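Inspection log for the structure reproduced underneath, given as structure tokens.
The values are calculated or read from the model by the stated rules, or taken from the named source; none is laboratory data. Everything numeric here is computed off the predicted structure, so don't read it as measured data. Reconstructed Cβ throughout: ideal geometry from the backbone, glycine too, with neighbour counts over all protein chains shown. With ligands, DNA and RNA removed, areas are computed over all heavy atoms of the protein, side chains included. Shrake-Rupley method; radii C 1.70, N 1.55, O 1.52, S 1.80 Å.
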Amino acid sequence: FVSRPPAAQVVQIICCEGGSAMLHDVEATAPLNGSSPNGGETLAKKSSCRTGIIVGCCILIVGALGASGAAYFLARTGGQAGQDDGACQADTGGTCHSGECWDWRRATCSAGRCVCPLGRCAREGSCALEMDPPKSKPKEVAVVGCGIAGALTALELAHRGLKVTVFDREASCFVGTSGRIAAEMMFYSYNKAFFHGGWSNIEAGVLAVKNVQASASPEGVKKAAMFSLKNQKTSGDTITVSLANYKKGALTFKRGEGSPKVVAICSSCLSGDDAEAITAIKPGWHLETMEREIKQVIPYDLHRINEDKSPDEEMQKLLAEADHPIKLKFLIRGEPRTNQAYEAGFFEAAGHRLRDFFLVQYPELCEAVITPFCCVPGTVARAWVDNNPHKAGYMCPADPFAEAKGTENGMGVTHIFSTQTIVNNMNADGDEKKAWSFEVWNASETNKRMKHWLGGQHMFGAATNRQESGFVRTELIFSVIQEILTRKGASFRFGRELAGISMTADTTSMEMRPAGGQWTNSAENVRTFQPVQAKGETETFHNFDRVVISTGGAIGSALDDLDPTLKGDHQLLPLMGYIIVGPPEQLPPSERDIGVVFENEHMYLRSTMNGSFAVGGGMYFGDGTDEDVRRLRWSSGVTEQMGYFDAKNYMEQAEIGKQLMQDPKTLKLGGCRPMSVFGNFPMLKSYGGGRVVLNTGGGANGFVTSWKSAQLATDIVMTGTVEEPAWEHAFTKL
């Protein structure tokens, strides 16, 4: 037994007799197989009952209960099979009508249910080894993977005084996707609903076929479909309730898992249709979004209210002051990390971590991190830029948040629109522009200020955010971080990849092998990787107290034994994309400090320090194998995929993309984003009480979320959990 109750404790067994459930008491020390509750028949002989399993202080009766029609019971805890509430449970939630369970569940089939063996507990539908937290504090930590998530985690760990060794399969850090991406930082991403007229419309727009701009291999179609189904299941359900009027107390809220949660409904507080409509809301539902009519409330605001000392008081005030009618969207049974308010709060927190920690402690990051945060007067970051203008490659404006004047475009990120519809949405409410932190440009201003970015293409307008934005020069950031880490005593082991990892109560063992292959450039200047099996000895390391794995989408097979759910339950999807880098000196110095998004085309652009265009984006669902992921292919031609939308088509949506594609000096690259089943939330997991931590980064938003996920991963390494209560639902304990 995982945790045997005290010998004298009496627990209850549920059995069905004659179609009704009966409770029997049995001492916990008695063997359940063939035991005789109350001196009666043994469980094994009851045709409509199943063997009970003691897990902690719980009794789980597994299997169908005959004529009662119930699937299973979980006594004493009141939980549901397979849920991760901290209790050790045996039922994974899976069924096995054919007599076998999926291999990744590591469960045995018992009466139609997939049940964990003794010594393992159901976590995320799989049977995980239950371990007590480590008894000693960590001193030495290995970080496997050196993209943006791994590098920032290593920096957080070293800052807290730990000895850090960084491993990567390449010859340097940031050689993979993190080093070949446009790397916009949009900590305000959820505000973009403003462009599209509201939350419901942006969701529909993102899903619209005309904006998908994706292609896939046959195997990729299957993997994407399975991932989508898992995402829908994880996200739960939503329901929108409209109220013509609202009176204080009709709904009562308290702090929930990421956003305010309803705890009471008073239908008599309202009248007419509202009294009936409000009955559709149930206690326990989380408020996810409110439509634009409510003082321009966005998901960030709901997260802030949720963390307030009096969330109900704030919600009553908000609902009472709202213009009516109002629409409230609730999340039902969804994983907190799929809640828009929780995701938006995480984005904002990531920006604060960059501004308030990284740039305060390490202002030299401003050489590669181009953001108004580096230019706030009176800060150490501003002092560093002012004192190192040649190294930074730019000079700070007097006020980095001031609106553009004349032909200047300033710092931050600007979204450029090739249709009039979005411009009309933005101009519908003048007060709303200010509330959503966007500086709106008309067509004339846009075409003058962004002349070099547009390549002669006419645009209808733009919206610029300076308060929570910027971009990263990925070609420079590792050299800056490496210098800091080396100064703090960190070491690097390149050309090694993770082959396997295992844990015991006392040690974490990590096997590393040589990583083979080489990078090649084709005649069309396409740079891809050719994987080759490397020769050499596999090394086994036992000297690390903790291990952080940040290999992005290239997880390979090393984690198959530790966490079979990543692949088996379709939790992580490698999503390929593309980037091109043009020749230098194409952009004047005055236009190199702003990130650019062609919003309709989903294209992301930035400048390198020497004035080259870097353009990224696109979606290609590949086979998902480690070899396919590491190849980082540049997909061209219908022979490689289903559908017409290949890399060339993607880049040529915009005029500047066409011009760059025609230039033989333009470098063409592929990338791979680790897409989490939680959507815009990174995949953070803790194994064995923090002995091993998984931090994948943030998929398409890796250069946003990694500033925060690195902090949380380090918290877990240090203590087994996160320090800030707001993010207690941001990771999975296994």
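Within the stretch 716-726, work out how many residues are surrounded by 22 or more Cβ atoms within 10 Å (Cβ to Cβ) and without any contact (Cβ under 8 Å) to a residue 40 or more places away in the chain.
Counting residues in the stretch 716-726 that are surrounded by 22 or more Cβ atoms within 10 Å (Cβ to Cβ) and without any contact (Cβ under 8 Å) to a residue 40 or more places away in the chain gives 1.
Restricting to the stretch 510-528, name every residue that is assigned to a strand (DSSP E or B), within 15 Å of GLY176 (Cβ to Cβ) and not β-branched (Val, Ile, Thr).
Correct list: GLN518, TRP519, ARG527.
What about SER437, is it open to solvent by 20 Å² or more (accessible area, probe 1.4 Å) and free of Cβ contacts under 8 Å to residues at least 12 places away in the same chain?
Answer is no for this residue.
List pairs: first in the stretch 645-661 and assigned to a helix (DSSP H, G or I), second open to solvent by 30 Å² or more (accessible area, probe 1.4 Å) and β-branched (Val, Ile, Thr), Cβ under 9 Å, 6+ apart or cross-chain?
LEU660/VAL581
How about the stretch 529-634: which strands (runs of 3 or more DSSP E) wholly inside it have at least 2 residues that are of a type outside the set (Ser, Thr, Tyr) and open to solvent by less than 30 Å² (accessible area, probe 1.4 Å)?
Qualifying strands (runs of 3 or more DSSP E): 546-549, 572-581, 594-598, 603-607, 613-621.
Of all residues in the stretch 366-384, count the ones that are crowded, with 22+ Cβ neighbours inside 10 Å, assigned to a helix (DSSP H, G or I) and among the hydrophobic types (A, V, I, L, M, F, W, C).
Here the count works out to 5.
Filter the stretch 547-573 down to residues that are within 24 Å of THR338 (Cβ to Cβ) and small (Gly, Ala, Ser), then give me how many there are.
Total meeting the criteria: 4.
Give the residues of the stretch 642-655 that are surrounded by fewer than 23 Cβ atoms within 10 Å (Cβ to Cβ) and either of a type in the set (A, V, I, L, M) or at pLDDT below 85 (or both), sorted by residue number.
MET642, GLY643, TYR644, PHE645, ASP646
Identify, from the list PHE678, PHE703, the residue that is farther than 22 Å from LYS733 by Cβ and crowded, with 23+ Cβ neighbours inside 10 Å.
Being farther than 22 Å from LYS733 by Cβ and crowded, with 23+ Cβ neighbours inside 10 Å holds for just one of PHE678, PHE703, which is PHE703.
Any residue in the stretch 331-349 that is under 23 Å from GLU728 (Cα atoms), surrounded by 22 or more Cβ atoms within 10 Å (Cβ to Cβ), at pLDDT 90 or above and among the polar types (S, T, N, Q)?
Looking through the stretch 331-349, at least one residue is under 23 Å from GLU728 (Cα atoms), surrounded by 22 or more Cβ atoms within 10 Å (Cβ to Cβ), at pLDDT 90 or above and among the polar types (S, T, N, Q).
Residues to consider are THR108, THR95; find the one that is touching a Lys or Arg at 6+ places or on another chain (Cβ under 7 Å) and surrounded by fewer than 18 Cβ atoms within 10 Å (Cβ to Cβ).
Values: THR108 fails: touching a Lys or Arg at 6+ places or on another chain (Cβ under 7 Å).
None of the other options fit; the residue is THR95.
Can you tell me how many residues in the stretch 673-704 are within 11 Å of the chain's Cα centre (by Cα) and in a loop (DSSP other than H, G, I, E, B)?
9
Being more than 30 Å from SER479 (Cβ to Cβ) and among the small types (Gly, Ala, Ser) is the filter; apply it to the stretch 403-414 and report the residue that is surrounded by the fewest Cβ atoms within 10 Å (Cβ to Cβ).
GLY406
Scan the stretch 385-402 for residues that are within 30 Å of the chain's Cα centre (by Cα) and either among the basic types (Lys, Arg) or buried (at least 18 other Cβ atoms within 10 Å of the Cβ) (or both) and report the count. Step through it out loud before you land on a result.
Of the stretch 385-402, the ones within 30 Å of the chain's Cα centre (by Cα) are 400-401.
Applying the additional criterion that residues be either among the basic types (Lys, Arg) or buried (at least 18 other Cβ atoms within 10 Å of the Cβ) (or both) yields 400.
Looking only at that region, the number is 1.
Which count do you get for residues in the stretch 153-191 that are open to solvent by 30 Å² or more (accessible area, probe 1.4 Å), under 14 Å from ILE484 (Cα atoms) and touching a residue at least 60 places away in the same chain (Cβ under 8 Å)?
Here the count works out to 3.
May I ask you to list pairs of residues, at least six apart or on different chains, whose Cβ atoms are under 6 Å apart, with the first in the stretch 112-134 being part of a strand (DSSP E or B) and the second being of a type in the set (Val, Ile, Thr)?
Note: pairs meeting the criteria are ARG113/VAL62; CYS114/THR92; VAL115/VAL62; VAL115/THR108; ALA122/THR92; SER126/THR565.
Being open to solvent by less than 10 Å² (accessible area, probe 1.4 Å) and among the hydrophobic types (A, V, I, L, M, F, W, C) is the filter; apply it to the stretch 131-147 and report the residue that is modelled with the lowest pLDDT.
CYS146
Inspect all residues belonging to the stretch 115-126 and state whether any of them is at pLDDT 95 or above and in contact with a Ser or Thr (Cβ under 6 Å, 6 or more places away or on another chain). Explain how you work it out, then say what you get.
Filtering the stretch 115-126 for residues at pLDDT 95 or above gives none.
Scanning the stretch 115-126 turns up no residue that is at pLDDT 95 or above and in contact with a Ser or Thr (Cβ under 6 Å, 6 or more places away or on another chain).
Restricting the stretch 448-475 to residues that are part of a helix (DSSP H, G or I) and open to solvent by less than 40 Å² (accessible area, probe 1.4 Å), which is farthest from GLU367 (Cα to Cα)?
Per the stated criteria, the residue is LEU454.
Within the stretch 239-320, considering only strands (runs of 3 or more DSSP E) that don't extend past its boundaries, which have at least 3 residues that are open to solvent by 20 Å² or more (accessible area, probe 1.4 Å) and modelled with pLDDT of 95 or more? Give the derivation first.
On the way: elements: 251-254, 261-265, 286-290.
Result: 261-265.
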